[in-house]
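S.K.: Next up is a structure, given as C-alpha cells.
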Amino acid sequence: MKNRRTRWYRSLALRLLFIFWALLSVTAASGYLLAVWNKPRAELKPLEPEIYQTLQPLLSDALTFQSLQPGRLIAGDYRVAAQLSVQGSEKLLMDEMLRVRHGSTLLRMLGQSTPQQIPLDERLLMGPFELDGNKILVTKPLGIEEQVDRERRERESTRARLLTLLVGSGLLAVLLGIWLIRPIRRMILAMREVAEGSANPELKRLPKRGDEIGELARALSQAAIDLATSRDAQRRLLSDVSHELRSPMARMQVALDLTETDENDPNWQQLRRDTERLSVIIERILSLSRLENGLVALNHESLDSGELVMQLINDMCYQNPEVRERLIRIESDWPVIDTDPELLRLVLENIVRNALHYTENNVELSCDEQGDGYRIRIRDYGSGVEEDTLEKLFVPFYRGDPARHHKAGVGLGLALSHRAAAVLGGQLKAQNHPEGGLEVVLDLPKSQPERVE
C-alpha cells in the first residue's frame, strides 16, 4: 500500500483548530443574539392616576409649561426628559443621556395620544403631557416594588439565556465528540481484529481519508498484512523445519536400537535420552503448528470425562509407578462431554505432567458445572508461581526457572494445551490457589465447535 503523507490543508490539527474557532464564534454569536432576543422589553402602560394628579396642577400654566427644558426638576424627583414645542416652528429637545440610549422610545412616547408610563433603566418615563399643542415627557426614579419587579424579569431572562447557551453548546460538543471518537473506536476494534490474527481488519472508509486519521488507518492496514505474512511465514518455517527433522531423528533412534553396545554405557544412555528429547520437541512443534494453522478437525464423540481422567492417571502410573500416590481424582459428577477425546486428553496430560515435574506434592483433578459449560481444575500443592509469570506459562518455550526445576521440559506442553483448548472452543488459564499451589483451569463449553479454520 502506498504511503501517502497528509497534506497541510488536510491536517486534522488544522481542522480541529478551525472547528474550535467556529464553535467559539457560534457560541459567542448565539449568546449575543439570545441576549438581544431575550432582553426584557418594557411595555407601555396607562399613567397611574396618582402621578397624573401630582403633575397636572404644575403643568396647567402655559408660561410655566413653555419654560420647562430637558433636565429641569419640576417637583421632588420629577425631571423633564423631552420637550416638543409647536410655537412658531416645531422644535424638539431631549435629555442628552436619554436621547443616546432611548431616543426611539422618547419619540414613540411623544406620539401617544394619552399619557403613558414605561420603565427605562432605573427610571420611569411618563407622558406626554400636552398644553396648547406643546408636549413634554417626565421621568422619576423607580420605586422599590418597580425595581424588584425589573430585577426579577432580568434574572429570569438571564437564566433562559444561560440554559439556551448550555443546551446549544452541549449539542455542538456532542456532535464534535462523535465526529472525533467514531474513527478512533473503529480503529480500536480493528486493532483487536489484528490481535486475533486478521490480515484485513474492518476499517470502512477510514483509509481513504486525507488527514492523520486516514494516514494512521492506512498504516494499520499495512501493519496487519505484514504481521499476518510474518506470522504465516514463521509457522510454515517452524512446521517445515520440524518435519524435515523427523526423518533423521527416526533413523537415529533406529540406529541406536541396532547398535551393539553396553546399555549401561553412560555415553550411550545420554545419547539415547537426548534423541528421545529431540523427538518429543519435534512432535510437539509439529502439533503446535497444526493447531495454529487450523489443520486439526474435531472428532466428536460422547466422552465420559471421569473415565478419561481415570485412564490418563492409570497410564501415567504405569509409566511412573511412583506418582500413583500423588495423582488424586476428586470424586464428583464428571460429565459426559461431546468433544474430541484425543485433543482433550492432550490438554489434560500436558497439564498433569507439567504439575508433576514442577512439584513433589500431590496433584488433584476435579470437575464442576459452570453455567453453560464445564470447568476442569488441575491443582498442585507446591509453592505456586509469581503473579507476573502466570501469563508467561502458556508462551512457547517458556520454562520458568530451569535451575530450580531440572526435570522440566522444553516449555511447549502448556503452550500446546492452550492452543488445543482454543480448538475445543474452551479457555485455559492459570492462577495461584488461595490455599497454596498452582491451579490450572480448563473451561469447556457444552456445545463444541465443528471445525477450527
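The values are calculated or read from the model by the stated rules, or taken from the named source; none is laboratory data. Computed from a predicted model, the values in this text were never measured in an experiment. Cβ: placed from backbone, ideal geometry, glycine included. Neighbour counts: every protein chain shown.
S.K.: Go through the stretch 121-171 and count every residue that is within 26 Å of L110 (Cβ to Cβ) and of a type in the set (V, I, T).
M.R.: 3
S.K.: Here's another thing I want to ask about it. Sort out which residues of the stretch 106-133 are touching a residue at least 24 places away in the same chain (Cβ under 8 Å) and of a type in the set (S, T, Y), and write them in order of number.
M.R.: T114
S.K.: Out of the residues in the stretch 212-230 meeting the condition of being over 15 Å from I188 (Cα atoms) and exposed (fewer than 14 other Cβ atoms within 10 Å of the Cβ), tell me which one is modelled with the lowest pLDDT.
M.R.: Result: S230.
S.K.: When L98 is evaluated against the numbered criteria (1) more than 15 Å from T139 (Cβ to Cβ); (2) in contact (Cβ under 8 Å) with a residue 40 or more places away in the chain; (3) not acidic (D, E), which criterion, by number, is the only one it fails?
M.R.: The failed condition is (1).
S.K.: For the stretch 193-207, give me the residue count where each residue is surrounded by 11 or more Cβ atoms within 10 Å (Cβ to Cβ) and charged (D, E, K, R).
M.R.: Residues of the stretch 193-207 that are surrounded by 11 or more Cβ atoms within 10 Å (Cβ to Cβ), as a first pass: 193-195, 197-201, 203-204, 206-207.
Applying the additional criterion that residues be charged (D, E, K, R) yields 193, 204.
Qualifying residue count, the stretch 193-207: 2.
S.K.: Does R419 qualify as being farther than 24 Å from D340 by Cβ and either at pLDDT below 85 or not in a loop (DSSP other than H, G, I, E, B) (or both)?
M.R.: So R419 does not fit the description; no.
S.K.: On to the next question. Among the listed residues F18, F65, identify the single one that is surrounded by 11 or more Cβ atoms within 10 Å (Cβ to Cβ), modelled with pLDDT of 70 or more and part of a helix (DSSP H, G or I).
M.R.: F65
S.K.: Starting from the stretch 162-188, keep only residues that are part of a helix (DSSP H, G or I), then list their pairs with residues that are at pLDDT below 75 and of a type outside the set (D, E) whose Cβ atoms are within a distance under 6 Å, requiring at least 6 positions of separation or different chains.
M.R.: T164/L34; L165/G31; G168/S30; S169/T27; L172/L23
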